[in-house]
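The values are calculated or read from the model by the stated rules, or taken from the named source; none is laboratory data. On a predicted model such as this, the values are computed, not experimentally measured, just so you know. Cβ: placed from backbone, ideal geometry, glycine included. Neighbour counts: every protein chain shown.
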Amino acid sequence: MRRLAISTLGSFAGASSPLMNALARCTTTTAQTASQVESVDTSAAGATAQHSSPLLNNLRFRVEDIVAGQTRALAKAITMVESDNPSHAAVIGELLRAVQQARKAAAEKERTSTRNSVVPSTLRTVAPRIAISGSPGAGKSCFIEAFGMYLVEQNLKVGVIAVDPSSAVTGGSILGDKTRMERLSMHPNAFVRPSPSRGHLGGVTARAWEVMSLLESAHFDVILVETVGVGQSEIAAKYMTDLMILLVPPASGDELQGIKKGIVEVADMILVTKNDGERTGLAQTTLAAYRRAVQYGDNCGIDKPVLAVSSELGTNIDAVWAAFSKKWRRKLDSGELEQNRKAQQAKHFEAYFEQELLRRAKEMLAANGGLWGSLHNEVFSGQRAPREAGELALREVLRPKKWFQ
Ligand SMILES: Nc1nc2c(ncn2[C@@H]2O[C@H](COP(=O)(O)OP(=O)(O)OP(=O)(O)O)[C@@H](O)[C@H]2O)c(=O)[nH]1
Ligand SMILES: [Mg+2]
């Protein structure tokens, strides 16, 4: 059973939940004008899900247990969400709706039981989803360990997932690096989930979105996403998360000539890692180079903090949280967060449709008397022009009823 301390805060419209309290502590401009503290029960008994779908009755876990923050139920739900069975799509949809509804009901209960609180209940159902991106070896896992430990020590619950957006292309996936998060993965307030090493139905990012929704419903206050893999992973991170922190390792002047403008533009915050020991000098050079890049970038460095950290020593981790808090609050207050999440959902719907359409069409053509293979052979041998073969394949795919056979 988990109990949340609710305190009514002044200028932050009565912040509630450990996350909101931590954020409020972080902002020096926030004046704490009242100090009413109340305990609210958010266990299963206090937050019974109002679902009526028979689909959910056959699950091997209870929706209520997820919302009550029970790790076993959560892990089982995540395993189902990660499954590659298309027939699970409907039940997963029902499940996500049910947990969100139950989460909102729990938040509403907190709201109504807290006197003088004017916090919109939606604020308590939203956990920041932060992408931790950067080239291989930049120090992502070690930073998550240090940052995650900092957060759990503030009584926040932290969910960590590793996502490899390039795996849909390469057909492989890198296991999340739990060994670099040894302390965090053992902590009772943390949940570290390595990325699945198989199966890519409908795209990795859409699935990660669903896993994050489950974590959010299970009362995780902050969700960290390590984006692994190569290529477009930073861009893909943008479609999955609310905010992206780019990690860059200390580099020499020569290496810094080629700072990738696109990535700097897309990041919400840039951290130079490994600012300790012998690397301090290089880290400071790198910090200055990125500050310049941000300053002269398209949006003139507005609101894009560039900091140097050491995960090994734990230095400047508190400054990262302070800078994040300011950004997060602005995103919440301006409505940008809500808009962004809606746009992401639409994107995942389209991406799922596009990827699955292509995959199933190819599957069907391969099964259908091997048309896919024979068209390939004809193109190879020069018997058919590529466009001609493509048109034949399309006509076959678009013949009525084919999809349902
Ligand atoms: N000195 C020092 N070394 C660090 C720090 N953070 C990470 N490292 C080292 O950098 C190497 C890579 O760290 P990881 O955290 O595994 O990097 P990563 O970005 O997660 O790597 P991939 O997941 O393989 O892409 C390891 O050898 C770490 O020990 C730091 O703050 N200081
Ligand atoms: Mg890693």
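Values computed for the structure shown
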item	result
Residue match in segment 138-153 (condition: touching a helix residue (DSSP H, G or I) at 6+ places or on another chain (Cβ under 6 Å), at pLDDT 85 or above and more than 16 Å from ligand 1 (Cβ to nearest atom))	no
Subset of segment 287-320 (residues that are modelled with pLDDT under 95, crowded, with 19+ Cβ neighbours inside 10 Å and hydroxyl-bearing (S, T, Y))	Y290
Residue check, A251 small (G, A, S) and within 16 Å of ligand 1 (Cβ to nearest atom)	yes
Helices (runs of 4 or more DSSP H) completely within segment 288-405 that count 1 or more residues being over 25 Å from the mean Cα position of the chain (by Cα)	336-367, 371-380, 386-398
Check on K157, within 16 Å of ligand 1 (Cβ to nearest atom) and either surrounded by fewer than 21 Cβ atoms within 10 Å (Cβ to Cβ) or modelled with pLDDT of 80 or more (or both)	no
Criterion: under 13 Å from the mean Cα position of the chain (by Cα), closer than 23 Å to P305 by Cβ and at pLDDT 75 or above - qualifying residue of V266, V248, V225	V225
Cross-chain or 6+ apart pairs with Cβ under 8 Å, segment 130-150 first and part of a loop (DSSP other than H, G, I, E, B), then within 11 Å of ligand 2 (Cβ to nearest atom)	G134/K140; G134/L247; P136/V228; A138/L247; G139/L247
Out of L243, L214, L184, sole residue that is within 21 Å of the chain's Cα centre (by Cα), under 26 Å from Y150 (Cβ atoms), within 16 Å of ligand 2 (Cβ to nearest atom) and at pLDDT 90 or above	L184
Options K331, K327, K342; residue that is surrounded by fewer than 15 Cβ atoms within 10 Å (Cβ to Cβ), out of contact with any Gly (no Cβ under 8 Å at 6 or more places or on another chain) and within 30 Å of E216 (Cβ to Cβ)	K342
Hey, L313 in contact (Cβ under 8 Å) with a residue 24 or more places away in the chain, assigned by TED's automatic domain parsing to the domain that holds I223 and more than 27 Å from V126 (Cα to Cα) or not	yes
Looking only at segment 348-403, and only at residues there that are among the charged types (D, E, K, R) and in contact with a Lys or Arg (Cβ under 9 Å, 6 or more places away or on another chain), the one that is nearest to A89 (Cα to Cα)	E396
Residue in segment 167-180 that is in contact with a Gly (Cβ under 9 Å, 6 or more places away or on another chain), within 10 Å of ligand 2 (Cβ to nearest atom) and either at pLDDT 90 or above or of a type in the set (G, A, S) (or both) present	no
